[in-house]
Structures are given as C-alpha cells and as structure tokens.
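The numbers here are math on the coordinates, done by the rules we state, and not lab data. Computed from a predicted structure; not experimentally measured. Note that each Cβ is placed from the backbone with ideal geometry, even for glycine, and that neighbours are counted across all protein chains shown.
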Amino acid sequence: MPPSNRPQTEEYPLHVHLRRALARRFPRTTRGWHWTVANIESRLRGLAGRFRPRRLADSFGWLTSTIRTVLQRRREPRLTVAVEVSAFWEPLTGIGWYLYRLLEHLADHRDIRVRLYGPSVIESPDLPKPTVELPQGPAIETISYAVPERFLLPAGWITRILRRLEPLLIAADRNRVLFAPNYFLPRRFRLAAGARVSTVHDLGFRRFPWALRQETLNDLADKFEHSVRESSRIISVSGAVRDELAAFGYVDPARVTVVHHGPGQLSTVEPGRLPQGLPSRYALHVGTIEPRKNVGTLLQAWRILRQRLSQCPDLVLCGRYGWKTDVLQRQVEAAEKAGWAHHLGYVEDPELAALFRSAQAVIFPSHYEGFGLPAVEALWAGVPLVASDIPVLREVTDGAALFAPDDDPAALADAVERALFDRELRQDLVERGLRRITELSWSRAARQTEAVWRQAAGMTAATTLTTASGTGTAERS
C-alpha cells in the first residue's frame with residue numbers, strides 16, 4: 001500500500017500510541033511529567049549558577065580557612081581540654097551550675113586552653129541560643145563553624161553533611177584532655193584521642209536504684225562502667241563517693257581525686273523579694289521532690305512537731321516534682337490544704353536566696369547525696385541546718401549541722417525542735433557553718449580540677465611553652 005494510503009495510526013511507533021492513550025486516560029500524569037521536567041531543569045540551572053567563579057572562590061576560601069584554623073588548634077602549646085557544654089542550652093540544674101562555676105573560675109588561667117563544644121559545632125539558624133552567657137576569658141575558646149551562604153552547595157546541605165562529620169571535626173582539634181563533667185562523654189567525642197577525665201557526682205543508681213526512673217537506671221548501667229574504665233583520672237565530688245567507687249569495684253582509689261564544690265550559685269546572687277503568701281516564720285527544704293530526698297519522712301516529722309508545739313513554723317518546699325512521686329504529691333497537697341505546708345515549685349535564684357536568708361532553719365533529710373549543695377547553701381546563708389546523718393553530709397558540712405537518722409521521723413522532729421528553739425545551739429551552728437563555708441571555694445575547685453587534667457595529660461604545672469616568637473614559661477595571672 002502506498003504511504004499516502006496507510007492508516008493515520010501507523011505513522012507513529014507503538015510506545016507513542018501508548019503514551020498518548022495514557023495521557024488521555026490519566027491527565028494528571030501528563031501534568032506531573034511536565035512539572036518534573038521543569039523542576040529538574042530549574043535545579044540544573046541553579047546548580048550551574050552556583051559554579052560561578054565567585055561562589056567557587058568563596059567555597060575554596062572557607063575550606064582553606066577552616067583547615068588553617070584546625071591546624072592552628074593542633075599546634076596549641078598549652079594544655080588543651082575539650083569540654084562538652086550542652087547543659088548550658090537548658091535551664092541549669094546542680095550539675096550544670098557545677099560546670100559553669102568551674103569554667104567561670106578557670107577562664108582567667110593563661111596556661112590552659114579550655115575548648116567549649118555546644119550541642120553542635122556547626123552554626124545554623126535552627127540552633128537555639130544558650131540559656132546563660134558562656135564564660136569568657138583568656139583560657140576559653142568556643143568551637144564553632146559558620147557555613148557561608150555563597151557555597152557550591154546549598155547551606156542546608158553543607159550543614160547536614162558537617163553535622164554528620166562532627167566526630168571527625170572534634171577529633172581533628174587534637175585536644176590533650178577530654179573532660180566529661182557529667183559521668184560520660186557524648187558519642188560525638190568517640191573519635192577523639194585525648195586522655196579522658198570524668199566527674200562522678202554520685203552512685204545513687206547503685207545505692208538506691210528504686211529511687212530512679214527505669215530509663216535513667218538503664219542508661220547509667222550501660223554507660224557508667226565503660227566510662228570509668230576508659231578514664232585516665234576520675235574526679236569525685238566527695239570522699240564518700242570515692243569510697244563507694246572503690247567499694248563497688250569500679251576503680252582503684254589512687255585514680256580518684258576528691259574535689260569539693262564551692263559554696264553554690266547563690267553565693268553570687270543578690271537576694272530578691274520573698275514570694276507572696278508566705279508566713280513570717282518558716283523552715284525550708286530545697287530539692288527535687290522525689291524518693292531519694294526523703295520528703296515523706298520530713299512531712300511525718302512536721303506532723304509530730306505540730307502536735308508538740310503550739311507555734312510550729314510552716315514548712316516551705318522548693319523544687320519541682322520528680323519521678324515516682326504520686327504518693328508524695330498527694331501528701332504534699334494534703335499538707336497544703338491543712339495550711340502548714342507551701343510548695344513553691346521551681347524558684348528563681350534571687351527569690352531562693354531570699355528564702356534561705358529568711359528561713360528559721362533549713363531541713364535536708366535526704367537518704368542519699370553525692371555532695372548536697374542545698375546543705376552548703378544553708379551554711380552560706382547563716383541559717384541553722386538539720387540534715388540526715390549520712391557520711392557525705394558530715395563530710396561536706398564538717399559537723400556544722402544537727403544530724404538525725406534518715407529513717408526516723410521522731411528523731412528528725414527532735415532535731416528540728418532544738419534547731420528552732422535552742423538559742424545557744426542555733427548560734428553555734430551558724431558560726432560553725434560560716435567558718436566551714438570559707439573552706440569551700442570555686443577557685444580552689446578550679447585549681448584542683450586543672451591539676452587533675454594535667455596529671456591525665458602527663459603535663460606539669462610549669463609547662464614550657466614554645467611559640468613562633470620564642471619560648472617562655474606558662475604563668476597564671
């Protein structure tokens with residue numbers, strides 16, 4: 001048959017007929033195909049635009065600058081210490097304040113270089129700001145990398161890639177010491193090769209496992225033993241914790257150094273106004289309301305006191321509810337309804353300082369503590385302290401408190417009654433507490449911590465620094 005006489009449908013291959021038939025049957029498929037083709041073309045044009053000479057120059061400049069910065073860090077002659085400070089991106093608790101005060105008092109030491117690593121070393125708009133201003137000084141260096149906007153690849157892509165490479169970036173700094181202020185280092189430090197130093201705040205997960213949340217218990221059980229084994233040196237916040245580490249077989253006591261805390265964060269806070277609605281006379285308890293703090297025994301002791309005394313002061317509780325507190329919460333609410341207890345929850349530092357200063361006594365009946373900062377803050381405030389008779393509180397207060405068994409509400413009530421109404425005893429407790437507080441110093445804790453870092457790194461305090469301009473001996477201002 002001549003070509004002019006063939007049917008129209010035979011002018012095209014079979015696959016063309018199928019595509020047109022599908023396009024008539026499914027019009028959305030056709031629109032989707034055209035959108036996909038247009039989108040790919042647009043992205044290709046965008047990528048082609050990114051490979052302009054200016055973008056190429058900016059990208060090359062950023063890479064060379066980053067490499068130069070890392071090489072400069074690696075050549076640092078001073079003792080270099082990597083510190084993970086993600087705790088500063090959350091409201092500070094006891095361990096957060098411990099780290100903050102250490103760094104604050106190390107900041108002016110000119111013979112060390114303390115490098116701070118936040119939640120991410122890669123800057124980006126989605127990264128929140130820290131809740132406190134990071135410590136500043138000659139010793140402090142905050143590690144971060146800013147990604148340029150004009151780069152060969154989109155800034156979001158580069159940010160995601162670099163965050164996956166954070167372990168390599170941290171390892172590249174070649175810090176001599178890796179400091180874990182809260183038991184163990186995060187995973188992104190796993191490739192760094194410096195000597196490890198860990199602070200152990202308590203062994204509550206071994207002594208009182210029933211007082212912890214199960215997920216917390218599992219996390220500590222999985223990581224703690226490995227962290228202790230890998231640490232060159234260990235800092236314990238009290239001799240009691242050091243003895244527990246040895247008793248449980250975790251470590252040779254010779255590898256442990258005791259470094260007591262300073263007087264707590266309230267020592268630098270100007271007292272504010274008291275919260276409204278409080279009575280003129282009250283006793284104070286500070287701490288998270290959870291089983292280890294023994295608030296149940298405290299409430300029982302107060303019921304005994306109210307039966308004995310016609311003018312028993314009210315009880316003020318400062319601290320959030322923690323875990324396993326259903327029963328405790330009902331007891332506290334019942335005491336509040338009866339009118340003799342006041343639960344304030346979390347209190348800001350100026351108000352807390354005022355509460356300490358105005359209290360008739362501070363009651364600290366914990367079953368277990370690693371150090372016990374509220375006890376030290378009571379000594380600082382010049383207020384009589386009644387504490388549970390456990391080794392760490394005798395150590396930390398150096399006897400400047402009235403002690404009672406932690407499982408005896410009647411004995412605790414007796415001790416509180418004496419602290420409230422025996423004038424000579426009250427004066428003696430206050431004087432001994434003020435003497436003891438002069439022996440607890442964050443400056444001393446910072447110096448002792450630096451000495452532990454040097455031991456771990458095999459460096460002495462008088463390390464000779466070799467620089468490009470010559471040599472000199474490190475001196476502390």
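For this structure, a couple of remarks:
- Charge dipole (Cα centre; +1 on Lys/Arg Cβ, -1 on Asp/Glu Cβ; no other charges) of the range 272-437 amounts to roughly 320 debye.
- Given charges at Cβ of Lys, Arg, Asp, Glu: the range 272-437 dipole, positive-most of Thr288, Val376, Val332: Val332
- Average projected area [Cα convex hull, the range 272-437], square nanometres: 8.7 nm²
- Neighbourhood charge, 9 Å Cβ-Cβ cut-off, centred on Ala404 and excluding it, Lys, Arg +1 and Asp, Glu -1: -4
- Rg then Dmax, both in Å and based on the Cα atoms of the range 55-258: 18.8, 61.
- Annotation: amide H-H contacts under 5 Å for Asp422 (H modelled 1.01 Å from N, sequence separation of 5 or more, or interchain): none.
- Amide H contacts for Ala82 (H built 1.01 Å from N in the peptide plane; partners 5 or more residues away or on another chain; cut-off under 5 Å): Arg115, Val177, Leu178, Phe179.
- The ranking of Lys223, Lys129, Lys293 from fewest to most other beta carbons within 10 Å of each one's beta carbon is Lys129, Lys223, Lys293.
- Residues whose amide H falls under 5 Å from that of His343, counting only those 5 or more places apart or on a different chain, are Leu317, with hydrogens built in the peptide plane.
- Coupling constants for the range 374-389 follow from the phi torsions by the Karplus curve (6.51 cos²θ - 1.76 cosθ + 1.60, θ = phi - 60°), and in residue order they are x, 5, 5, 5, 5, 4, 4, 6, x, 10, x, 10, 10, 10, 5, 7 Hz; glycine and proline get x.
- Shown here for the range 252-292: trypsin sites (Lys or Arg not before Pro) in loop regions (DSSP other than H, G, I, E, B) with at most 16 other Cβ atoms within 10 Å, namely Arg273, Arg281.
- For the range 324-377, applying the loop criterion from DSSP together with a ceiling of 14 other beta carbons within 10 Å to the chymotrypsin sites (Phe, Trp or Tyr not before Pro) yields Tyr346.
- Size-normalised alpha-carbon gyration radius of the range 246-331, reference 2.2 N^0.38 Å: 1.54
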